[in-house]
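**Q** Structure below; questions to follow.
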Amino acid sequence: MNTLKFELITPERVLYRQEAEKVTLPTANGEITVLPGHIGLVTALVPGIAKLTINGKPEEVAVSGGFIQVGKDSVRVLADTAERGEDLDIGVIEEARKRAEKVMKEAVRLDDNQFAAAVAAMEREMARYKLVRRRPAPRNAPTVDKASLPQDENPV
């Protein structure tokens with residue numbers, strides 16, 4: 001089976017440097033999927049979820065801005081940030097999202113640079129939030145007894 005040499009690099013670390021069968025990345029014009037033999041390409045990475053297939057297993061990573069370089073059999077992603085779902089905490093993400101919303105509301109009255117930075121922070125947090133929400137619940141997570149829930153006032 002043909003594979004791609006895949007690298008995902010942030011300023012802090014190399015998150016991936018391995019073979020992948022398929023890579024789907026968010027760009028300003030929508031998602032692109034790269035398979036072995038893809039035409040060369042350089043484009044901007046936008047906040048979203050990168051989807052990888054490594055050893056037949058799907059993996060997802062929340063990414064923020066950066067650049068994508070595609071060669072015939074390689075993909076190099078230079079991202080501002082990249083985080084695996086298991087590394088994320090929904091409580092921390094919610095707090096960061098609230099802070100970004102507050103700054104956005106206040107920055108509207110201030111200047112364009114602060115507003116742009118707040119929008120970028122919000123986009124990053126939303127990508128992280130989407131990834132965390134997609135993760136399956138832990139196996140030992142407590143379950144909810146339906147009898148303890150209030151009755152739905154608007155049943156479908």
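**Q** Just checking, which of V14, V34, V42 is hydrophobic (A, V, I, L, M, F, W, C), under 18 Å from the mean Cα position of the chain (by Cα) and surrounded by fewer than 17 Cβ atoms within 10 Å (Cβ to Cβ)? Outline the logic, then answer.
**A** Working: V34 fails: surrounded by fewer than 17 Cβ atoms within 10 Å (Cβ to Cβ); V42 fails: under 18 Å from the mean Cα position of the chain (by Cα).
After applying the criteria, what remains is V14.
Table: residues versus (1) within 19 Å of M126 (Cα to Cα); (2) assigned by TED's automatic domain parsing to the domain that holds R128; (3) not hydrophobic (A, V, I, L, M, F, W, C).
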| position | (1), (2), (3) |
| --- | --- |
| R13 | no, no, yes |
| R17 | no, no, yes |
| T24 | yes, no, yes |
| G30 | yes, no, yes |
| P36 | no, no, yes |
| T43 | no, no, yes |
| P47 | yes, no, yes |
| A50 | yes, no, no |
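**Q** Checking the conditions here, which among G48, G66 is in contact with a helix residue (DSSP H, G or I) (Cβ under 8 Å, 6 or more places away or on another chain) and surrounded by 13 or more Cβ atoms within 10 Å (Cβ to Cβ)?
**A** Numbers: G66 fails: in contact with a helix residue (DSSP H, G or I) (Cβ under 8 Å, 6 or more places away or on another chain).
G48 is the lone residue from the list that is in contact with a helix residue (DSSP H, G or I) (Cβ under 8 Å, 6 or more places away or on another chain) and surrounded by 13 or more Cβ atoms within 10 Å (Cβ to Cβ).
**Q** Here's something else I'd like to know. From K72, K105, grab the single residue that is at pLDDT below 90, of a type in the set (K, R) and farther than 22 Å from A120 by Cα.
**A** On the way: K105 fails: farther than 22 Å from A120 by Cα.
That would be K72, the only listed residue that is at pLDDT below 90, of a type in the set (K, R) and farther than 22 Å from A120 by Cα.
**Q** Please specify each residue of the range 21-65 satisfying the condition of being over 21 Å from N2 (Cβ atoms), outside any loop (DSSP other than H, G, I, E, B) and hydroxyl-bearing (S, T, Y).
**A** Those that are over 21 Å from N2 (Cβ atoms), outside any loop (DSSP other than H, G, I, E, B) and hydroxyl-bearing (S, T, Y): T27, T43.
**Q** Is it true that some residue in the range 134-148 is surrounded by 12 or more Cβ atoms within 10 Å (Cβ to Cβ) and at pLDDT 70 or above? Please lay out each step first, then the result.
**A** The initial filter retains those residues of the range 134-148 that are surrounded by 12 or more Cβ atoms within 10 Å (Cβ to Cβ), namely 135.
Restricting the remaining residues to those that are at pLDDT 70 or above gives none.
No, the range 134-148 contains no residue that is surrounded by 12 or more Cβ atoms within 10 Å (Cβ to Cβ) and at pLDDT 70 or above.
The values are calculated or read from the model by the stated rules, or taken from the named source; none is laboratory data. Because the structure is a prediction, the values reported are computed rather than measured. A quick note on method: Cβ atoms are made from the backbone with ideal geometry, for glycine too, and the neighbour counts reach across all protein chains shown.
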